[in-house]
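S.K.: Below is a structure I'd like to ask you about.
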Amino acid sequence: MGDFPFDRGDAGVTPDGRTLIREAFLRLYECEPLSGITVEHLAREAGYSRAAFYRYYHSTGDVLADCEERALPVAQSRYIDEHIAVVTPQLFIELYLDYFAANERALRVLLNRDTEREFSQKLAGTIYPAFYAYLRKRSDIPEEDLDAMTLYLVESKLAQMRSWARGVHRPLAEYMRMPLETFERSFWQDVPTAAATD
C-alpha cells in the first residue's frame, strides 16, 4: 500500500485523485511492465478502492496515456513555435530546462519503459516544430536541409535523454544544459562561416 493507510473510496472525484493515481502508477511502472499492473494493485497503491479508481480512469492504459501526455513539453513547444520572432537562445534553452526539471521523474520512468519507442516518437513529434522554427530563424541552413538538420537535433536530444534515464545520477536539466548551451554557442557561430565557404 502507498503512504496512505486509509481508503479514499468514499471521497469525491478531485484533481488530486488523478495526481495520486499517476504517482502510484509511476512507482509501479518503474518496476513492472504495464501488463503486470492491475487496476486493483494500482488503486491500492494510490490509497483508493477499485471502484474509486474508476471515477478517474477506465484502465491502467488510460493512466499510462495520461502520464505520457502530461510529460510532453506541449506548452513550451507551442510557445516557441508561435513566438519564434521573440524567442532568444537563452529563452529557448530555459523553456526546455524548466520542462526537464518539472517532469524529471515521469520522464525517467517513461523513457526506461519505452522499449517500442512509442513515447520517444510522441516526444519527438512534440518538439520537432519548435526546433524546426528555431533553426529556420537562427541559421543560414538552406530550406531543403532544415528537415534533416531538425531530425538530427531532435534525435540527438532524445538519445541524450534516454542515456540519462538509464542511470545518470544528475538532474535532467543540469545534464541537458551543457550540451544545449555548447550547441548554441558553437553551432550558430560556425554556421555563417561554413555557409560562406561552400
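S.K.: In region 125-176, what GluC sites (Glu not before Pro) fall in a loop by DSSP, with at most 14 other Cβ atoms inside 10 Å?
M.R.: none
S.K.: So for region 15-67, taking the charge dipole from beta-carbon charges (+1 Lys/Arg, -1 Asp/Glu), which of Thr60, Gly47, Pro33 sits furthest toward the positive end?
M.R.: It is Gly47, whose Cα lies furthest towards the positive end.
S.K.: Right, here's the next one. Take the alpha-carbon positions of region 71-189, form their convex hull, and give its projected area averaged over all directions (one quarter of the hull surface) in nm². List each step's numbers first, then the result.
M.R.: Details: hull surface 27.8 nm².
Value for region 71-189: 7.0 nm².
S.K.: Additional query: Could you give each residue of region 35-42 its phi-based ³J(HN,Hα) in whole Hz, using Karplus coefficients 6.51, -1.76, 1.60 with θ = phi - 60°, and x for Gly or Pro?
M.R.: 3J(HN,Hα) across region 35-42, in whole Hz: 5, x, 9, 8, 4, 4, 4, 5.
S.K.: Separation between the Tyr54 and Glu116 pseudo-spin-labels, each 7 Å from Cα along Cα→Cβ, expressed in nm?
M.R.: Placing both labels 7 Å along Cα→Cβ, they lie 2.6 nm apart.
S.K.: Return the whole-Å distance between the Cα centroid of region 133-149 and the Cα centroid of region 29-89.
M.R.: 33
S.K.: Could I ask something else about it? Based on the Cα coordinates of region 15-67, what is the per residue volume of their convex hull in Å³? Spell out each step's value before the answer.
M.R.: On the way: hull volume 3.3 nm³, N = 53.
Output value, Cα hull per residue: 62 Å³.
S.K.: Could you work out how far apart the two model spin labels at Glu144 and Ala159 are, taking each label as a point 7 Å from the Cα in the direction of the beta carbon, and quote it in nm?
M.R.: 2.6
S.K.: Pulled fully out, how much extra length does the chain show between Val39 and Arg170, if you take 0.36 nm times their separation in residues and subtract their Cα-Cα distance?
M.R.: Numbers: separation 131, 0.36 × 131 = 47.16 nm, distance 3.28 nm.
Between Val39 and Arg170, full extension yields 43.9 nm more.
Values in this text are rule-based calculations from the coordinates and carry no lab data. All of these numbers come straight from a predicted model, not from anything done at the bench. Glycine gets a Cβ as well: all are built from the backbone with ideal geometry, and neighbour counts include every protein chain shown.
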